[in-house]
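Read-outs throughout are calculated quantities, based only on the coordinates presented, and are distinct from any laboratory measurement. Just so it is clear, the model here is predicted, and its values are computed rather than measured. Cβ sites come from the backbone with ideal geometry, for glycine too, and all protein chains shown count toward neighbours.
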Amino acid sequence: MIEVRFFATLREGRGKIAEIGAEEASTAGELIRRFDIPAEEVSILLINGFHSKPEDPVKDGDVISLFPPVGGG
């Protein structure tokens, strides 16, 4: 299983944590699309705590953290 953690506005309709079978996505980008998240809504993508890109591979046991753009000033 791959654990996906959603933060801030990405939690809306998804909750805080979801699990998905490793066979259902081979890259972080596929995972993001699987949860119907437009690419521009993900500002920070971490795989096991390391900054990553959508084309990076994911595997069984990985923890994916997704953060939206942050506003403020």
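Brief remarks follow.
- Within the chain: Cβ-based charge dipole about Cα centre, in debye rounded to nearest 20 (Lys, Arg +1; Asp, Glu -1): 260
- Relative contact order of the chain, pairs being alpha-carbon contacts under 8 Å that are 6 or more residues apart, as %: 42
- Taking label points 7 Å from Cα along the Cα-to-Cβ direction, S43 and E23 give a separation of 3.8 nm.
- Estimated [θ] at 222 nm from DSSP helical runs (n ≥ 4, -39500 (n - 2.57)) normalised by residues in the chain, nearest 500: -2500 deg cm²/dmol
- For D36, D56, D62, the sequence from fewest to most other C-beta atoms within 10 Å is D36, D56, D62.
- Other residues whose C-beta falls under 15 angstrom from the C-beta of R33 contribute a net charge of -4, scoring Lys and Arg +1 and Asp and Glu -1.
- Filtered GluC sites (Glu not before Pro), the stretch 35-65: DSSP coil and at most 16 other beta carbons within 10 Å: E55
- Answer label, with Rg and Dmax of the Cα atoms in Å calculated from the coordinates and candidates [x] 17.2, 57; [y] 26.5, 72; [z] 11.4, 41: [z]
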